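K.L.:
Below you will find the structure I want to go over with you.
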């Protein structure tokens, strides 16, 4: 009997302490690990039994084609092995899980999904802010600036919701994002960039929407990063002024 | 020297395996645990040294006032104790973390935030869907139907974003939510309710926006639940038809 299966495993933002206990158990039991290059490579220490295959796909870089990754998962699971497909952040937020799930269903391969911490949540934790402070907003929207058809989201419609915006994969077009949002939002709206959120290399910038693009470029902030926009994020300034460790109020801070 | 501090700890959707490793470590070191009643009470087994105080606040029920919870945190932290404030889901998504952080800052009490899995992510994992399948949408919006001023969000503006909607605290007004969304979205839009997502008591309904309110009421689904709306959620039907365990295609399924 073929007992092969695939676990789509969320590696969280980077720090291995931010894996769930369920993720650690799945890794310990893995026969094969397919490792995304946004995941912390140290995660393989939790999978001592596994053959590890790196299948990174970074925007604009040399990468492993999605179809090949899907064939690898199917090939090993069809041999009766437990394949753990490691994805950065939460597997169900961006990151092509929809296509991988569809392919595995077509191949009748059982799938388990293990959730994790997406970088937008880790960024908010580092800034010391709620994503949805009820004095400022009624929700939060996670959006990718990198669309399938290479267009851009409707920034005015997103701004009109009044939700905090957590924008992924937006650093290469941060000027046009900010310009698009400022057709609806005032330039004084609080905004932040957190690069490598939840890792030892984290860098943070807290400012206003009107100054965000210039300041992020001046500081050399780039991918991978989350752009946060909305007055709930403005609570970060009070947070850092009070001396809670790393001072975003100094403009740009590097994690200790 | 006063070494007291507060950890705002995200308990995730319920299953203790969905806690992060960092959360488990914080609980093990806790002197005092303040326990939200949406968190799994079994979590106290991870905090053997701690005095446990239940501070539940459920909509419409007898509850502990927010100001009292904030005073408790400050009182114990001021005595030099490590206070762990346990919140269901992720502490930074709804749940009043913004106010608690502000109060702790005013009192100059150090705070650490530990992220967790919000129930919307757990619901998507149970349904076997990406929240942001790129063939259907460019993001996901988490929104609470329970606003500070007791009004309702602008459902038409939210629907106009084209994002998947994950609606929290909406079961008591599911008819008006669906009606509001249908001013913009077709009745055929995929929709789901997941009650007690990520717990042993989980119940799921997958249908269309036009039928959601009637079917949820007929099935007796109530709080706590997440309402998911958007065609990315429609991928759940293929998922369940293929026999991946618990069949949402049968209309309503109870977790094994």
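K.L.:
When the stretch A:94-113 is examined, which residues are found to be at pLDDT 90 or above and within 22 Å of residue A:24 (Cβ to Cβ)?
P.N.:
The answer is A:97, A:100, A:110, A:111, A:112, A:113.
K.L.:
Tell me whether the stretch B:64-71 contains one or more residues that are out of contact with any strand residue (DSSP E or B) (no Cβ under 6 Å at 6 or more places or on another chain), within 12 Å of chain A (Cβ to nearest Cβ), surrounded by fewer than 20 Cβ atoms within 10 Å (Cβ to Cβ) and over 28 Å from residue A:11 (Cβ atoms).
P.N.:
yes
K.L.:
If I ask for residues that are over 20 Å from the mean Cα position of the chain (by Cα), without any contact (Cβ under 8 Å) to a residue 60 or more places away in the chain and surrounded by 15 or more Cβ atoms within 10 Å (Cβ to Cβ), which ones from the stretch B:136-153 would you list?
P.N.:
Selection gives B:138 alone.
K.L.:
Let me ask another. Is it true that some residue in the stretch A:187-194 is assigned to a helix (DSSP H, G or I), in contact with a helix residue (DSSP H, G or I) (Cβ under 8 Å, 6 or more places away or on another chain) and farther than 21 Å from residue B:112 by Cβ? Even if it seems obvious, please write down each step before you answer.
P.N.:
So in the stretch A:187-194, the residues assigned to a helix (DSSP H, G or I) come out as none.
No, the stretch A:187-194 contains no residue that is assigned to a helix (DSSP H, G or I), in contact with a helix residue (DSSP H, G or I) (Cβ under 8 Å, 6 or more places away or on another chain) and farther than 21 Å from residue B:112 by Cβ.
K.L.:
Working only within the stretch B:210-230, note down all residues that are surrounded by 21 or more Cβ atoms within 10 Å (Cβ to Cβ) and over 18 Å from residue B:146 (Cα atoms).
P.N.:
Passing the criteria: B:212, B:216, B:230.
K.L.:
Check residue B:156 against each of (1) assigned to a strand (DSSP E or B); (2) under 29 Å from residue A:155 (Cβ atoms) and name the one condition it does not meet.
P.N.:
Condition not satisfied by residue B:156: (1).
K.L.:
From the list A:27, A:46, which one is touching a helix residue (DSSP H, G or I) at 6+ places or on another chain (Cβ under 9 Å), within 14 Å of another protein chain (Cβ to nearest Cβ) and surrounded by fewer than 23 Cβ atoms within 10 Å (Cβ to Cβ)? Can you show your working first?
P.N.:
Values: A:27 fails: surrounded by fewer than 23 Cβ atoms within 10 Å (Cβ to Cβ).
A:46 is the lone residue from the list that is touching a helix residue (DSSP H, G or I) at 6+ places or on another chain (Cβ under 9 Å), within 14 Å of another protein chain (Cβ to nearest Cβ) and surrounded by fewer than 23 Cβ atoms within 10 Å (Cβ to Cβ).
K.L.:
Among (1) surrounded by 20 or more Cβ atoms within 10 Å (Cβ to Cβ); (2) under 30 Å from residue A:4 (Cα atoms); (3) facing chain B (nearest Cβ under 9 Å), there is one condition residue A:84 misses while meeting the rest; what is its number?
P.N.:
Checking residue A:84 against (1) surrounded by 20 or more Cβ atoms within 10 Å (Cβ to Cβ); (2) under 30 Å from residue A:4 (Cα atoms); (3) facing chain B (nearest Cβ under 9 Å), the one that fails is (3).
K.L.:
Take the residues in the stretch A:109-128 that are at the interface with chain B (Cβ under 7 Å from one of its Cβ atoms) and assigned to a loop (DSSP other than H, G, I, E, B); name whichever of them is farthest from residue A:199 (Cα to Cα).
P.N.:
Filtering the stretch A:109-128 for residues that are at the interface with chain B (Cβ under 7 Å from one of its Cβ atoms) and assigned to a loop (DSSP other than H, G, I, E, B), the one farthest from residue A:199 (Cα to Cα) comes out as A:110.
K.L.:
Ok, one more. Select from the stretch B:129-164 the residues that are under 23 Å from residue A:10 (Cα atoms) and more than 9 Å from chain A (Cβ to nearest Cβ) and list them in ascending order.
P.N.:
Passing the criteria: B:137, B:164.
K.L.:
Moving on to the next point. With respect to residue B:200, determine if the residue is modelled with pLDDT under 95, surrounded by 22 or more Cβ atoms within 10 Å (Cβ to Cβ) and not in a strand (DSSP E or B). Break it down into steps so the answer makes sense when it comes.
P.N.:
On the way: modelled with pLDDT under 95: yes; surrounded by 22 or more Cβ atoms within 10 Å (Cβ to Cβ): no; not in a strand (DSSP E or B): yes.
Taking the combined requirement at face value, the residue does not satisfy it.
K.L.:
So residue B:91 ticks every box in (1) within 25 Å of residue B:224 (Cβ to Cβ); (2) within 9 Å of another protein chain (Cβ to nearest Cβ); (3) surrounded by fewer than 18 Cβ atoms within 10 Å (Cβ to Cβ) but one. Which box is left unticked?
P.N.:
(3)
K.L.:
When you check residue A:98 against the structure, is it in a helix (DSSP H, G or I), more than 18 Å from residue A:221 (Cβ to Cβ) and more than 11 Å from chain B (Cβ to nearest Cβ), yes or no? Spell out the reasoning first.
P.N.:
Values: in a helix (DSSP H, G or I): yes; more than 18 Å from residue A:221 (Cβ to Cβ): yes; more than 11 Å from chain B (Cβ to nearest Cβ): no.
Against the criterion (in a helix (DSSP H, G or I), more than 18 Å from residue A:221 (Cβ to Cβ) and more than 11 Å from chain B (Cβ to nearest Cβ)), residue A:98 does not qualify.
The values are calculated or read from the model by the stated rules, or taken from the named source; none is laboratory data. Everything numeric in this text was worked out from a predicted model, so none of it was measured. Cβ coordinates were reconstructed from backbone atoms using ideal geometry, including for glycine residues, and neighbour counts include every protein chain displayed.
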